[in-house]
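Taking it in order: structure first as structure tokens, then the write-up.
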Amino acid sequence: MAKGKSRKQKFPHLLGSKWTAVEPVMGWRHFQVRDRQERQGTTFAHLQSVCDDSASLWLNVRQLNNRQLWIAGWQALEEMFPT
């Protein structure tokens, strides 16, 4: 890499993004990305429940693309499962 050039960051808008778990995770559905790490070319996100600071997890950000697990933004149950 040339001097003075920075690497392009994967998932630049990840930090602070909001996510809704399709199924409850540790009893909660609404999470926000609090941190991110790159490990051997893979990006990981630290998600923390907005309702309970003790409920947090690290996951590969590619899992956030799985709509059977996560939905971008905070969604109400009625929006997720219309009757």
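The values are calculated or read from the model by the stated rules, or taken from the named source; none is laboratory data. All figures in this text were calculated on a predicted structure; none of them were measured in a lab. Counting neighbours? That spans all protein chains shown, and the Cβs are built from the backbone with ideal geometry, glycine included. SASA here: full protein model, heavy atoms, side chains in, ligands and nucleic acids out. Shrake-Rupley method; radii C 1.70, N 1.55, O 1.52, S 1.80 Å.
Just a few scattered comments:
- The range 29-42 - phi-based ³J(HN,Hα) in whole Hz, Karplus 6.51/-1.76/1.60, Gly and Pro as x: 10, 9, 10, 10, 6, 9, 7, 8, 9, 9, 9, 6, x, 10
- Taking all protein chains into account, the per residue accessible area for the chain stands at 71 Å² (1.4 Å probe).
- Shape call, the chain: gyration tensor on alpha carbons, a/c limit 1.5: prolate
- For the range 53-66, 3J(HN,Hα) per residue [Karplus equation, 6.51 cos²θ - 1.76 cosθ + 1.60, θ = phi - 60°, Hz, x = Gly/Pro]: 4, 7, 8, 8, 7, 9, 8, 5, 4, 4, 5, 5, 7, 7
- FRET efficiency, Thr83 to Gln37 (Cβ-Cβ, R0 41 Å, nearest 0.05): 0.55
- Alpha-carbon centroids, the range 56-83 and the range 13-44: separation in whole Å: 10
- Relative contact order for the chain: 26 percent, from Cα pairs under 8 Å spaced at least 6 residues apart, divided by residue count.
- Residue order for Thr20, Thr83 - accessible surface, 1.4 angstrom probe, largest first: Thr83, Thr20
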